[in-house]
1. Could you tell me which label, among (1) 0.98; (2) 1.05; (3) 1.11, carries the value of Rg/Rh (Cα atoms, Kirkwood Rh) calculated for this structure?
2. So how tilted is helix 16-30 from the main axis of the chain? Cα-based, degrees 0 to 90, rounded to 10.
3. Using the Cα centre of the stretch 90-197 as the reference point, and only Cβ charges (+1 on K/R, -1 on D/E), how large is the resulting charge dipole? Debye, rounded to the nearest 20.
4. Once you have a ≥ b ≥ c as the square roots of the Cα gyration tensor eigenvalues for the stretch 244-403, tell me rounded if a/c is under 1.5, and otherwise prolate or oblate according to whether a/b is larger than b/c.
5. Looking only at the chain, where both bridge partners belong to it, what percent of the DSSP beta bridges are antiparallel (to the nearest 5)?
6. Taking the Cα centre of each part, how many Å lie between the stretch 348-389 and the stretch 295-344?
7. Cut-off under 28 Å on the C-alpha distance; same-chain residues fewer than 8 positions from K287 excluded. Which lysines are left, in chain and number order?
8. Roughly how many nanometres apart are two label points built 7 Å out from the Cα toward the Cβ at N382 and F256?
Amino acid sequence: MTRMPARKLILLGAGRNSAEIIDLIDAMRQAPGQQSYECMGVLDDEKTRWDQTIADIPVLGSLASARDHAGVWFVNGIGSPANFWRKDEIIVRAGISVDRFATLVHPAASVSRSASLGPGAVVFANSTICSNVCIGSHVFVGPNALVSHDSAIGDYTCITGGVSVAGETVVGARCYLGTNSCIREKLRIGDGSLVGMGSVVLGDVAENSMVFGNPARFRGPVGKALPDSHARADPASALRIAADVRLGERVRMHSFVNLYGCAIGDDTRLGSFVEVQKGARIGARCKISSHTFVCEGVAIEDEVFVGHGVMFINDLDPRATAAGRPQTEADWQVISTRVCQGASIGSGAVILAGVIIGENALVGAGAVVTHDVTPGSVVAGNPARVLGERDLMEGLEHDGQSV
């Protein structure tokens with residue numbers, strides 16, 4: 001059998017979805033008789049990703065640079081619980097005509113010959129699209145998902161892995177159906193809505209609504225209905241973000257993040273199980289790794305790295321009770337801590353209350369910091385002691401452990 005020549009293709013978005021699509025493209029290339037694609041690169045608006053690679057595919061530049069790539073096809077890899085309701089706006093910014101978007105179907109997916117798939121739709125392995133189903137443009141259908149007969153899925157919607165959509169159901173545009181959720185037959189899911197993972201939807205869902213549970217119940221509006229366009233609670237990723245949190249632009253958060261009364265700067269990344277308390281402030285372009293606790297009174301300036309499981313402390317005389325009764329906020333005083341620009345804190349470090357970690361300083365993994373750290377210095381140990389200057393010591397080893 002003659003193999004069709006491969007079409008050149010560029011992905012939009014440098015996140016996890018694009019990595020999965022790259023695997024799908026590889027599978028299509030190996031399938032006989034199926035149109036194949038050669039992935040030439042990825043476009044993303046986050047400058048820190050430029051000149052990096054996703055699954056060995058280079059990130060070429062911004063979405064706007066799509067206009068510079070003539071003669072190639074495109075497919076969208078954008079869409080997560082944090083931005084799904086803005087997926088259409090993001091794609092429009094790229095300025096690509098609809099006829100230049102490829103429709104990708106994994107060889108292990110089953111698509112009825114009476115079903116229709118819009119431009120830019122992506123169907124992953126072991127999914128089933130049944131008879132007379134209409135899939136809109138730029139729709140994701142994740143692995144092992146089922147869209148039953150006579151259903152319609154609106155443009156820009158994301159159906160994640162293991163979702164089951166029963167027959168004659170209408171899912172609106174820009175929706176997000178979380179992993180293993182189930183939608184009863186003949187229902188309507190309004191535009192811009194989120195269904196949490198594992199939810200069982202037994203009734204219609206209004207536009208821009210967040211529902212989850214078994215049976216699924218309304219839990220509030222999705223991010224588009226909130227003042228700053230950030231999702232404040234995401235059952236699909238277990239995010240918990242209070243209404244008084246001030247989030248900058250392009251903040252990236254992983255599952256089980258808990259934020260309340262704090263401020264997070266532009267382009268900062270928060271790993272899983274990070275908690276940031278009220279009154280804490282994290283600057284721009286920081287990386288806060290998983291399981292870290294940032295308590296009230298902590299100020300982290302721009303471009304700071306904080307490793308996994310770092311603990312900040314704001315009370316030097318902690319007690320459970322005062323005069324025989326449970327202690328309240330009135331019974332103790334917050335002692336502030338500051339981490340200056342460009343500093344790095346290794347995993348498992350403990351930062352006691354009242355210290356200042358100077359600009360570009362490095363705190364070694366597992367250190368217990370009890371006093372101020374001067375700018376540019378390297379400290380390690382319990383209690384932490386100065387080992388030298390960071391510029392001179394990076395890459396060296398001390399006592400068998402790299403600094």
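1. Matching entry in (1) 0.98; (2) 1.05; (3) 1.11: (2).
2. 40
3. Here the stretch 90-197 has a charge dipole of around 120 debye.
4. Judged from the Cα gyration tensor, the stretch 244-403 comes out oblate (a/c at least 1.5, b/c at or above a/b).
5. Antiparallel: roughly 15 percent of the beta bridges in the chain.
6. 16
7. K47, K87, K224, K278
8. So the label points at N382 and F256 sit 2.3 nm apart.
Read-outs throughout are calculated quantities, based only on the coordinates presented, and are distinct from any laboratory measurement. Model, not experiment: these values are computed from the prediction. Here the Cβ is made from the backbone with ideal geometry for all residues, glycine too, and neighbour counts use every protein chain on show.
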